[in-house]
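Notes to accompany the following structure.
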């Protein structure tokens, strides 16, 4: 009888359940901690044995005024006729006359090149009513394009070492039939430009080193080996364009143009190691 009373005691059953509950809480808590805060991974961090040396940076510039040695003229003929064939034929006759005039004024055949050639229809737009010949409201009409002719454009590029011949060549070309003068410019030949660019690049680099040495002197250190070097900018000025003036003056037969001077600039930069 006493044994049954102990088994049915509510206080003992409550204590057992409480103990089991606390054990469960501890186990769940441990599991959550392992999930939220996993064991950190091993990470290797390397530090360079020889950190980068201190450098001095400097920029240099070289500039020179030079006389152009090449005259380049872009001129040609624009013709319009009822048919493409007639437009081309008319244009060809005038271009041949222009080439003859240029040759007669000392230009070599190899120095005359075609830079543009095109033939295309010329159109105009007008409103047409739905019923041809019958009046209609403006909103009823539609726009249609009609071909009214064909235009041919033939442009030549002419080079000459005789800079004083610019006006003479333009005048002779216009008299021979040229009705387009797009550009008259004074520039440098490719070989001249390359030689000058190379020379100025060397000067710009020397200027950069001289400035770096002045910086180093002020800091009480010396300039060491070159760490890096580059040409930042090569400035070849835009050619002078006398096109508008040349075409307006050509009719008078006294077109005059002066080549003037060109300013060429090279900028460079370099970095040098510091020697204590």
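Taking the condition touching a helix residue (DSSP H, G or I) at 6+ places or on another chain (Cβ under 8 Å) and in a strand (DSSP E or B), does residue 227 pass?
Details: touching a helix residue (DSSP H, G or I) at 6+ places or on another chain (Cβ under 8 Å): no; in a strand (DSSP E or B): yes.
The answer is no for residue 227.
The residue list 42, 82 contains one member that is modelled with pLDDT of 95 or more and exposed (fewer than 14 other Cβ atoms within 10 Å of the Cβ), which is 82.
Here the condition is being part of a strand (DSSP E or B), within 28 Å of residue 85 (Cα to Cα), assigned by TED's automatic domain parsing to the domain that holds residue 99 and modelled with pLDDT under 90; of 144, 148, 158, 122, it holds for 144 alone. Go through segment 60-98 and count every residue that is assigned to a strand (DSSP E or B) and within 30 Å of residue 200 (Cβ to Cβ). The total comes to 12.
Report whether or not residue 262 is crowded, with 18+ Cβ neighbours inside 10 Å, over 24 Å from residue 93 (Cα atoms), modelled with pLDDT under 90 and under 31 Å from the mean Cα position of the chain (by Cα). Yes, satisfied.
Check 173, 165, 185 and return the single one that is more than 18 Å from residue 117 (Cβ to Cβ), buried (at least 17 other Cβ atoms within 10 Å of the Cβ) and in contact with a strand residue (DSSP E or B) (Cβ under 6 Å, 6 or more places away or on another chain). Let's see the steps before the verdict.
Details: 173 fails: more than 18 Å from residue 117 (Cβ to Cβ); 165 fails: in contact with a strand residue (DSSP E or B) (Cβ under 6 Å, 6 or more places away or on another chain).
Just a single option satisfies the conditions, and that option is 185.
The values are calculated or read from the model by the stated rules, or taken from the named source; none is laboratory data. Given the structure is predicted, the values throughout are model-derived calculations rather than measurements. Here Cβ is always computed from backbone atoms with ideal geometry, including for glycine, and neighbour counts include all displayed protein chains.
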